[in-house]
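The block underneath contains the structure these notes are about, expressed in structure tokens.
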Amino acid sequence: MAPNYACRKVFSENQEKALADYVLTCSKMCYGQTVINTRKLAYEMANNNCKIPENWQTNKEAGREWFLGFMSRHAELSLRQPEGCSLSRATSFNKHNVGLFFQKFGKSVSEPWKFLQRYKNL
């Protein structure tokens with residue numbers, strides 16, 4: 001006999017998949033979610049749609065146990081604290097600078113005998 005946890009489920013499989021897809025989409029758009037943000041998002045989603053445990057109501061976020069189970073069910077997700085990005089790095093990644101980089105890169109590719117061993121360092 002296997003334990004049946006269906007009576008304690010907060011989300012249906014479709015709702016949980018939608019939450020996982022949303023977190024993955026945010027990550028692909030360079031807006032990674034932290035553990036706390038994901039737990040709060042799960043609380044907001046459950047508060048509007050499902051019956052939730054009492055400790056979720058008091059803390060206004062999903063429980064740690066639920067989150068650990070969620071991450072074990074969705075191994076494709078990787079949540080961690082996003083690293084900061086300096087203002088100069090964030091503002092210098094624009095169309096003009098990227099175009100200049102590829103112009104210089106194209107010029108160096110046209111002369112492969114000069115920098116052949118350095119391509120791996122780009």
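Is there any pair linking a residue in the range 83-101 that is part of a helix (DSSP H, G or I) to one that is surrounded by 10 or more Cβ atoms within 10 Å (Cβ to Cβ), with Cβ under 9 Å and at least six apart or on different chains, and which?
Within 9 Å, no pair qualifies.
List the residue pairs whose Cβ atoms are under 9 Å apart, where the first residue sits in the range 16-33 and is on the phi < 0 side of the Ramachandran plot and crowded, with 16+ Cβ neighbours inside 10 Å, the second is among the basic types (Lys, Arg) and in a helix (DSSP H, G or I), and the two are 6 or more positions apart or on different chains.
Glu16/Arg73; Ala20/Arg73
With (1) over 20 Å from Lys9 (Cβ atoms); (2) part of a helix (DSSP H, G or I) as the list, and Trp66 as the residue in question, which single condition is left unmet?
Going through (1) over 20 Å from Lys9 (Cβ atoms); (2) part of a helix (DSSP H, G or I) one by one, Trp66 breaks only (1).
Of the residues in the range 45-62, how many are more than 17 Å from Glu13 (Cα to Cα) and either outside any loop (DSSP other than H, G, I, E, B) or at pLDDT below 90 (or both)?
Residues of the range 45-62 more than 17 Å from Glu13 (Cα to Cα): 53-61.
Remaining after also requiring either outside any loop (DSSP other than H, G, I, E, B) or at pLDDT below 90 (or both): 53-59.
Here the count works out to 7.
Would it be correct to say that Ser108 is surrounded by 11 or more Cβ atoms within 10 Å (Cβ to Cβ), at pLDDT below 90 and of a type in the set (Ser, Thr, Tyr)?
Details: surrounded by 11 or more Cβ atoms within 10 Å (Cβ to Cβ): yes; at pLDDT below 90: yes; of a type in the set (Ser, Thr, Tyr): yes.
So Ser108 fits the description; yes.
The values are calculated or read from the model by the stated rules, or taken from the named source; none is laboratory data. Since the structure is predicted, the reported quantities are computational estimates derived from the model, not experimental observations. All Cβ positions, even for glycine, are placed from backbone atoms using ideal geometry, and neighbour counts span all protein chains on display.
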